[in-house]
Every structure is written in structure tokens, then in C-alpha cells.
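Written out below as C-alpha cells is the structure these notes cover.
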Amino acid sequence: MGSSEDLAQKPQIRLVLASPRGFCAGVERAIRIVELALQKFGPPVFVRHAIVHNVHVVERLARLGAVFVDELDAVPDGGTVIFSAHGVSKAVSGGALSRNLRILDATCPLVSKVHAEVERHHAAGRHVLLIGHAGHPEVEGTIGQLPPGAVTLIEGQDDAAAFIPSDPERLAYATQTTLSIDDAQDIANALQARFPNIQGPRKQDVCYATTNRQQAVKNVAARTDVVLIIGSRSSSNALRLVEAARRCGAHQAVLIDSADDIDWASMANAGSVALSAGASTPESLVREVVEAFRARYEVTVEQADSAREDVIFNVPRALAG
């Protein structure tokens, strides 16, 4: 058969590409820091934890010579260590300084903003309530900015209701930057209802990229048959995109790591599919998913833009120029 006949036999499908999607400025900066460090200092360059939460990004950087370690004791004396975009505790940064390691800090500036907030509240004598997910490296880094006991983690409404302060007049709250906007606001509202004088962030802690990506998914969720979110399961913001799609009426919302994870049988009755990607997901994976659909369907691609992003974060001076 000719190619035109093959094309005619393919079922039709509409792909709606939600935008913004994929890399945010903080992720781009973190990846660039690793790339520049490898160019300037040569491999190996050691990175504490995954630089960002995407296995494809980590594997590519490892092939270039980055070595990902869990703790600083795996970094040899005189080595170069990069802190991930999620930030680290003062104990970790202090440990690196005490060993005279060459330190490059890839902490997202918006995470650093939260660090500064909690330090400001602590200096003012307030106990800090951190809205976030236990075990997430960003949460561990933020809690680690203050002495033990100075921060209480609030994971949900139950924690907000159960918390008993020693002084209800001297409280503040902050949030992880990659939370569900709606969930974070609901928990903040519950805390404000219980403690009217609690101090909040001057500007919302959930970052612009998380907010924009969730809104973009909400805009397309109800008008497509399936929503596919491309991202790693370790990525908080990718998981939140799936939740946002379901909350806004998606018939089916699924997290996939790559095109290899698509359940094609579940697409049998789909006439339209929305695509988005977490803030740690490279656009190349989105293109691969689109091509996988083109191999099986006659595809019409629709762009669904909901915001423009022009944020750029500079790399450390040691790597600039």
C-alpha cells in the first residue's frame, strides 16, 4: 500500500498541548549549572541528590560526567559539589563548607525565598508551620534552615486542625513551592481561621511555574477525553498536575514517564488527548509522545496557551562568563 492509503486507515485524534509546560526557570538554571561546572572543572562533578526530579535529565547529566550522591561523605576531598534545585539544610551546606569542598548552589531562587521567609519569622520569635509533603527534599531543606523544633510540618487539613501551639499569637506559615494551589490555599485558610493573627508569605510561596502549569491543565482537562502528564513519579509538580486535571473534570488523567508508558488500549475510544509536562520534564519527551501518536493516528495538534513566561535566573558568578 502507498503511504497515503496507510494514512487514510489511521483513526483521527486531536492533541491539545497545554502551555506553559515543561522546564521552568529554576530547573533550566539547575541543569545549566551542572553543564557549566562540567565544562569548567571537568568530570567528575558531584551532585547531592537528583538535580531535578526527572530520571531522563539525571541520566543525561550522568553520561556527561555528573555523579549523583546521597550524602556529602561520598564526595572526595577537594571535589566540586552541587546542591540540587530543591535546596539543602544548613547542616548540609555547613558540612560542605567545613570540608572546603567547592560548592555550587543550584537551589531555585524561589525556594531560597521561602528559606529567607522562615528565617525572618524565626528571628521575629514566631513558630513556623510549613505546608508541604513529608520526605520531599525541598521540605527537608526548608525545615533545616531553622533549629530543631522551630518548624512544624502541616501535610493536610487534619494536621491543621490538630496542631496545638504554645503561643497562638506568634505563628507564621510557609509552603512548599510545588504544591497544589488549591490544596495549599485550603490549608492556609484553615490555619487562618484557627489563628487569625498568623503571618503568611508576602507573596504566595507556590511558585509561578507550578501555578501556571496547573492552570493550563485545568483549562484543557474537561474538554478532552484523556489528559496525559509527562513526568517522573518523584516529581511533586507533575503529580499535582494529574490531581489538577482530575479535579477539573478530566475523564481520565494519567502520569507517564515517556511515550513508552502510554496504554494504547485505553486510547481506543479517545477523540482528543491533552498533553502537559511537569516543570522538570524536557520538551523532547513531549515531542516523542506526539510522534508516538502520529505513528498510530492521523493527528491534529492544537496549542492551548494560558500564560507567557519570561523568567530567567542567573547562574552563580563562579560559572558566569
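Given A30, A37, A18, which one is in contact (Cβ under 8 Å) with a residue 24 or more places away in the chain, in the same structural domain as S84 (by TED's automatic domain parsing), hydrophobic (A, V, I, L, M, F, W, C) and under 20 Å from C207 (Cα atoms)?
A30 is the lone residue from the list that is in contact (Cβ under 8 Å) with a residue 24 or more places away in the chain, in the same structural domain as S84 (by TED's automatic domain parsing), hydrophobic (A, V, I, L, M, F, W, C) and under 20 Å from C207 (Cα atoms).
Looking at (1) without any contact (Cβ under 8 Å) to a residue 40 or more places away in the chain; (2) over 21 Å from S89 (Cβ atoms); (3) not hydrophobic (A, V, I, L, M, F, W, C), which is the only condition G149 fails?
Among (1) without any contact (Cβ under 8 Å) to a residue 40 or more places away in the chain; (2) over 21 Å from S89 (Cβ atoms); (3) not hydrophobic (A, V, I, L, M, F, W, C), G149 violates only (2).
Return the residues of the range 123-152 that are part of a helix (DSSP H, G or I) and over 25 Å from the mean Cα position of the chain (by Cα); say none if nothing qualifies.
Our first condition is that a residue be part of a helix (DSSP H, G or I); within the range 123-152, this holds for 123, 137-143.
A123, the sole residue that qualifies.
Identify the single condition in (1) closer than 27 Å to D205 by Cβ; (2) surrounded by fewer than 18 Cβ atoms within 10 Å (Cβ to Cβ) that D77 does not satisfy, given that it satisfies every other one.
(1)
Exactly one condition in (1) under 30 Å from T300 (Cβ atoms); (2) surrounded by fewer than 22 Cβ atoms within 10 Å (Cβ to Cβ); (3) not charged (D, E, K, R) is not met by S234; state its number.
Failed condition: (1).
So, in the range 228-252, how many residues would count as being within 21 Å of V55 (Cβ to Cβ) and hydrophobic (A, V, I, L, M, F, W, C)?
So the answer is 7.
May I ask you to list the residues in the range 48-57 that are in a helix (DSSP H, G or I) and either crowded, with 21+ Cβ neighbours inside 10 Å or among the acidic types (D, E) (or both)? If you could, list the steps in order and put the result at the bottom.
The first filter runs over the range 48-57 and keeps only residues in a helix (DSSP H, G or I), leaving 55-57.
Answer for the range 48-57, where residues must be in a helix (DSSP H, G or I) and either crowded, with 21+ Cβ neighbours inside 10 Å or among the acidic types (D, E) (or both): just V57.
From A172, A184, which residue is touching a strand residue (DSSP E or B) at 6+ places or on another chain (Cβ under 6 Å) and either under 23 Å from L241 (Cα atoms) or assigned to a loop (DSSP other than H, G, I, E, B) (or both)?
Numbers: A172 fails: either under 23 Å from L241 (Cα atoms) or assigned to a loop (DSSP other than H, G, I, E, B) (or both).
Only one candidate qualifies: A184.
Of the residues G22, G94, G78, G26, which is part of a loop (DSSP other than H, G, I, E, B), of a type outside the set (D, E) and under 24 Å from G135 (Cα atoms)?
Matching residue, one of G22, G94, G78, G26: G22.
The values are calculated or read from the model by the stated rules, or taken from the named source; none is laboratory data. Keep in mind the model is a prediction, meaning the values are calculated, not measured. Don't worry about glycine lacking a Cβ; one is built from the backbone with ideal geometry, like all the others, and counts go over all protein chains shown.
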